[in-house]
Amino acid sequence: MTSTRRTLDESERGSAASAADEAYREGNRLLAEGHASDACSRFEEALDLAPEFAQAHNNLGAALQALGRLPEALERYLSALAFQPDYPEAAYNAGNALQLLGRPAEALDYYHRALELRPSYAEAHYNLAKALQALDRHDQAEVHYRQAIELAPGFADAHVNLGTALTALGRDSEAAESYRAALEIDPHLVEAHINLGLKLQRTNRHDEAIAHFEAALQSPSEPVVHNLLANLYTELGQFEEAEAHCRRAIALAPAVGVFHRNLSNLKRFRKNDPDLRALERLAAQDDLTVEDRIQVDFALGKAYADTGEFERSFEHYRAGNALKRQSVVYDEAQTKLMFGCLQKAFSPELIESLQGYGDESAVPVFIVGMPRSGTTLVEQILASHPDVFGGDELGELGKAIVGMGGFERTMEAFSQGAAEISGPQIRELGARYVERVRLLAPEATRITDKLPSNFLFLGLIHLALPRAHVIHVRRDPIDTCVSCYTKLFAEGSLYVYDLGELGRYYRAYERLMDHWRRVLPADAILEVRYEDLLDDLEGQARRIVAYCGLPWHPACLAFHETRRPVRTASATQVRQPLYRDAVGRWRRYKDHLAPLLQELQAK
């Protein structure tokens, strides 16, 4: 049978191409005016007339992406590349679509292809860097952010994101400069003000931090900024200002759970409290995100504890912890292995073989223990002494370990490979740590580092800093664990959200501390009981101050009057005189603690 289909002659092909081009131009106009759906129709019309029209495929992809139809958009970008392989915009758009689809590893290939086709493509360098950051390849991301900036010096967002990459690499001062550079280009860039404010807050430049946070107000981020200001004023002990900002954040975004939880930490609830009623109404909503529900449950746990309704309180703590446990990745088996490897690696023989290599500075004071054991109180007592700078929870030891030559390892690998540490590495670690903390307070006689989890590193601390002072704070085990369980931590401490896991972690911590007492000299660690501080504040404070090699100063007894930043969950408590309300607090919840009590009593 003979086909009756007619081949278009040259004039007809020209007419079709002209019509396709017209539809394409009309689609571009509609897309530019924000009419993405109508633009799709025009691009599809162009492709009906000219199926190999690569630019129409690409721009149809852009219209579909504007409509949130990312998988279809990606197909169109790939079609554009199939018809025109040397099309850098299509490769770049495909990378963007993949990144938005949560596939950053695949996006890398398309960004690289765009850059091969156009090496001067600043936006491709920028989005390649974002994909690398999503994969935690921050050092490579830095390279591409810098290339984007070199190609487009006015690229303010590239400066901001370079700052986030530098922050991830532990280069905070350089990160701050990147944020400043972004603000020189665009003084109204909210993200740069927020990030720079956080950097300044961390280095105790609070007035400057407040100025940058306030510059970010009157923006879509205003509720978040009010919350940041609330946190900063809490840190400074200015609780009225903190509460005012919490309430402003809630007024602007009443369904955000963290704003309510932060307010709950600043006040004591009473029966028929309007803030409690607002929390109850929020908890009754069925459209809360998981994160908001976690925050609300912890806030209600605190509120009902304040009003003496302990059954209801625990009900919400249990619900909030269960949801939080589902949302974190905690490998209990790996944690157990890590503890065992630390004990095996830091043997008496290793400790003996590496004596004499460490830095001789007596400046550092490490305050260690479980979270919620009283470490903040001990630091506040010491930081009230005029010769002591309270460093709070410093991450400098971990950074110094990572910076050791040839020793950039995970915590698990570190614990397994500790026997490979050499004397020169020990010396470098001690010197590096002292150099870092000295920047915080060059004139201080002592600088405290109150990161509780530094108990993991006591063997290494003794070797690297043999004259450092280590204070181990202990509290009743059940009170400690219940206090952990009823606090929602900003980060870390992933073992606290299940009572059984919490009890097993506590036992592992106790075994490790027993090991350090066996293998380290008797005077390497000062043991302080939280309850003894409550019973005899002056006697224990004098003991702590003397251990640190300092003369006695009466300001240490008025620790609650000391005006310094406190960033931990105990920021409100250490602004008050000592009280005994927290002793035996676990008994309020004793009928619900069987998994914890069983583990704590296990051998």
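Quick note: the coordinates plus some simple rules give every number you see, no bench work behind them. Please read all numbers here as calculations on a predicted model, not as lab measurements. Don't worry about glycine lacking a Cβ; one is built from the backbone with ideal geometry, like all the others, and counts go over all protein chains shown.
For LYS450, which aspartates and glutamates qualify as cross-link partners when the Cα separation must be under 14 Å and same-chain residues fewer than eight apart are set aside?
LYS450 reaches GLU379, ASP392, GLU393, GLU396.
Please list, ordered by chain and number, the residues whose modelled amide H lies under 5 Å from the amide H of ILE367; skip anything fewer than 5 residues away on the same chain.
ASP449, LYS450, LEU451, ILE471
Order these peptides, 38-51, 583-596, by their mean beta-carbon neighbour count within 10 angstrom, highest first.
Peptide ranking by packing, descending: 38-51, 583-596.
If I model a spin label as a point 7 Å beyond the Cα along the Cα-Cβ vector, how far apart are those points for ALA278 and SER221 in nm?
2.4
Show me 101-107, 539-545 ranked by packing, highest mean number of other Cβ atoms within 10 Å first.
Final packing ranking: 539-545, 101-107.
What are the principal axis extents of the Cα atoms in the chain, in Å, biggest first?
Rounded to whole Å, the extents work out to 105, 64, 52 Å.
Within segment 126-161, list the residues whose amide N lies under 13 Å from a label point set 7 Å along Cα→Cβ of GLU174.
Flagged as within label range: 138-147.
Which order do peptides 317-324, 218-225, 229-236 fall in by mean Cβ count within 10 Å, highest first?
Final packing ranking: 229-236, 317-324, 218-225.
What is the dipole size for the chain, taken about its Cα centre, with +1 at each Lys and Arg Cβ and -1 at each Asp and Glu Cβ, in debye to the nearest 20?
The dipole magnitude comes to about 2220 debye.
May I ask you to compute the full-extension gain from GLU116 to LEU100, defined as 0.36 nm times their residue separation minus their alpha-carbon distance, rounded to one decimal in nm?
Length difference between fully extended and current span is 3.6 nm.
For ARG474, list long-range residues whose amide hydrogen, built 1.01 Å from N in the peptide plane, is under 5 Å from its own amide hydrogen.
Answer set, sorted by chain and number: VAL528, ARG529, TYR530.
Per the helix-only calculation at 222 nm, which mean residue ellipticity applies to the chain, given -39500 (n - 2.57) for every DSSP H run of n ≥ 4 and division by its residues, nearest 500 deg cm²/dmol?
Value at 222 nm, helices only: -19500 deg cm²/dmol.
Run the dipole for segment 332-601 about the Cα centre, Lys and Arg Cβ at +1, Asp and Glu Cβ at -1, nothing else charged, and hand back the magnitude in debye, nearest 20.
400
Per the Kirkwood formula on distinct C-alpha pairs, the Rh of segment 81-202 is how many angstrom?
14.6
Compute the length gained on full extension between LYS271 and ALA555: take 0.36 nm times their separation in residues and subtract their Cα-Cα distance, giving the result in nm to one decimal.
Gain in length upon complete extension: 98.5 nm.
In a solvent-free Debye calculation with one equal scatterer on each Cα, what is log10 I(q)/I(0) for segment 149-254 at q = 0.12, 0.14 Å⁻¹, listed in the order of the q values?
Result of the Debye calculation: -0.41, -0.55.
Could you derive backbone 3J(HN,Hα) for segment 131-141 from the dihedral phi with the Karplus parameters 6.51, -1.76 and 1.60 (θ = phi - 60°), listing whole Hz in sequence and x where the residue is Gly or Pro?
Each residue's phi maps through the Karplus curve to give 5, 5, 5, 4, 9, 6, 9, 5, 5, 6, 4 Hz.
If I model a spin label as a point 7 Å beyond the Cα along the Cα-Cβ vector, how far apart are those points for ARG25 and VAL143 in nm?
Label at ARG25, label at VAL143, 4.4 nm between them.
Could you pull out every one of the aspartates and glutamates with an alpha carbon less than 14 Å from that of LYS130, ignoring same-chain neighbours closer than 8 positions?
GLU106, ASP109, ASP139, GLU142, ASP157
Taking the Cα centre of the chain as the origin and placing charges on Cβ (Lys, Arg +1; Asp, Glu -1), which of ALA444, LEU151, GLY500 is farthest toward the positive end of the dipole?
GLY500
Please list, in order along segment 344-358, the HN-Hα scalar couplings obtained from phi with the Karplus expression 6.51 cos²θ - 1.76 cosθ + 1.60 (θ = phi - 60°), rounded to whole Hz, x for Gly and Pro.
Result, rounded to whole Hz: 5, 5, 8, 7, x, 5, 5, 4, 5, 5, 10, 5, x, 9, x.
What ³J(HN,Hα) values, in whole Hz, does the Karplus curve 6.51 cos²θ - 1.76 cosθ + 1.60 give for segment 297-306 when θ = phi - 60°, with x put for Gly and Pro?
Values, residue by residue: 4, 5, 5, 5, x, 5, 4, 5, 5, 4 Hz.
If you take the charge dipole of the chain about its Cα centre, with +1 on Lys and Arg Cβ and -1 on Asp and Glu Cβ, which of LEU228, LEU537, ALA107 is farthest toward its positive end?
The Cα lying farthest towards the positive end belongs to LEU537.
Give me the lysines in straight-line cross-link reach of LYS271: C-alpha distance below 23 Å, same-chain residues under 8 apart excluded.
LYS271 reaches LYS302, LYS487.
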